[in-house]
1. Peptides 283-289, 98-104: what's the order by average Cβ count within 10 Å, highest mean first?
2. Give the Kirkwood hydrodynamic radius (Å, one decimal) of the stretch 16-155, defined as one over the mean of 1/r across all pairs of different Cα atoms.
3. Under the classification rounded if a/c is under 1.5, otherwise prolate if a/b is larger than b/c and oblate if not, where does the stretch 330-419 fall, given a ≥ b ≥ c as square roots of the Cα gyration tensor eigenvalues?
4. At each listed q (0.24 Å⁻¹), what is the log10 of I(q)/I(0) that the Debye formula gives for the stretch 163-247 modelled as equal alpha-carbon point scatterers?
5. What accessible area per residue, rounded to a whole number of Å², is obtained for the stretch 110-216 using a probe radius of 1.4 Å?
6. Pop out the carbon and sulfur fraction of the accessible area of the stretch 276-352 as a percent, whole number, probe 1.4 Å.
7. Evaluated at 20 °C with a viscosity of 1.002 mPa s, what Stokes-Einstein diffusion coefficient in µm²/s does the stretch 74-189 have when Rh comes from the Kirkwood expression over alpha-carbon pairs?
8. Output wanted: per-residue J couplings in Hz (rounded whole) for the stretch 317-323, from phi through Karplus 6.51 cos²θ - 1.76 cosθ + 1.60, θ = phi - 60°, x for Gly and Pro.
Amino acid sequence: MTSEHTSPSEADDLVLDPPPGCPAHGRGPGGLHRLYGPEARDLDALYERLREEHGPVAPALLHDDVPAWVVLGHAENLHMVRSPSQFTRDSRIWGPLLDGMVKPDHPLMPHIAWEPICSHAEGDEHLRLRGAVTNAMSTIDHRGIRRYINRATQRLVNAFCRRGTADLVGEFAEHLPMAVMCEILGMPEEYNDRIVEAARDMLKGTETAIASHGYVLGALQRLTARRRAHPEEDFASHLVTDPAGLTDDEVTKHLWLVLMAAYEATVNLIANVLRVVLTEPGFRAQLSGGQMTVPEAVEQSLWDEPPFSTIFAYFAKHDTELGGQRIRKGDGLLLGIAPGNVDPRVRPDLDANMQGNRSHLAFGGGLHECPGQDIARGIADTGVDALLMRLPDVQLAVPEEDLRWTQSIASRHLVELPVFFAPKPEQDVRARPSQNPLPAPRATWQVGMPAAARPQPPAEPPQPVTPPPVPAPGPEPRPGAWQRLVRWWRGY
């Protein structure tokens, strides 16, 4: 690692074509690594190469060879998100965008394009929009939502429990978060297979992604209109009626932000936790033996496999320095969640137990830290716990090496998680807790005692025993000092 580094904006000044056979052969302009294409098939390994070559902040190339910085260090990521005077989420100052290098059809445009939402706003506007979202979040009944999560889990398991096989990604992880988020937002009637398929379609960026976007957005616009006319006790209503005075467009955009961010993050989180439970016997043994709770397992997963690998992006407000690199005004920087979580300066031993430690970067930090992180945790730990209670014998149906992921700069998504188990009966999710009387206590006999030696019930009911005579009442004893004090306190 040298003391002087080159800004990615100066990449054209470097040698553009390394000779064949050189370790840099196949890289982009300036010999920079590409975060897309064949070189980025294993992004985790690529991040480690960047860390070795450049330190905690490394130059790299986005799609179409657009230069950017990827922040790899844990401390450097925290400094970036906690320094609003130096770095902003407002992409309108991004140099390559202003220079026309980033075209309207750029693959990362959905992440880049500025929107009037709290995650892009700064200053007083950020306080107004973020305050409305935070206030609406504070009205969520977390105990009630956990009960709903449990019921939704039972409904999903009922759909495949008699079969004895399932895909826990497509039939569980991709459905539970959407069902819960529709309930929280105030549109439970919109939850169905169609809205789940639309959300997945958008996130995959298929040819029908625009139509799927319109379907989900239409549901949120209808919800906004209904709650503007008739507010109720749900997230959308509290957002509509907040003193910040959000417009219908602002309400819809923030409903979109909350729904999609919470959905994708929680899908990945549930799938990651279940995969580890099914593929690592030691991990599962700790859960089964009580040495680890499901919430602790979720926290460990947030360290090892965060739902979002990176967040695009922060932008330098002026020339500055970060991690020994010279950052120019207008440079873009990726919040490196996955590489930051494995920074050897904070995790020298990646096998060390991180349960209970919430200093990971999975939910960002600073002014734009995810406000709904406790909802994601609640959906994951309640849903996974309820699933494992229903299917304690669940096993992976394919070799672990056959599992497949789709990966991008933003996230790593498990495609499917096929399992098998002994077929189970369905459960009545509408049944209330039983109020039947307790059964009579069992007779006092030991396990393994011969039947002949066990005490037998009497052939005839025992005769009533005459109670002893009650003694004549005597003078009432004088109450003690404590009793007199209590009587005096109660006004007797």
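The values are calculated or read from the model by the stated rules, or taken from the named source; none is laboratory data. Note that the coordinates shown come from a computational prediction; the quantities given were computed from them, not determined experimentally. Backbone-built Cβ (ideal geometry, glycine too); neighbour counts: all protein chains shown. Just the protein is used for accessible areas: all its heavy atoms, side chains included, with ligands, DNA and RNA removed. Shrake-Rupley method; radii C 1.70, N 1.55, O 1.52, S 1.80 Å.
1. Put in order of decreasing packing, that is 283-289, 98-104.
2. Values: mean 1/r = 0.0537 Å⁻¹.
Every distinct Cα pair counted, the radius reaches 18.6 Å.
3. Cα axes put the stretch 330-419 in the prolate bin.
4. Debye output, listed in q order: -1.14.
5. 46
6. Of all accessible area on the stretch 276-352, carbon and sulfur atoms account for 54 percent.
7. Result for D is 117 µm²/s.
8. 6, 7, 4, 7, 9, 8, x
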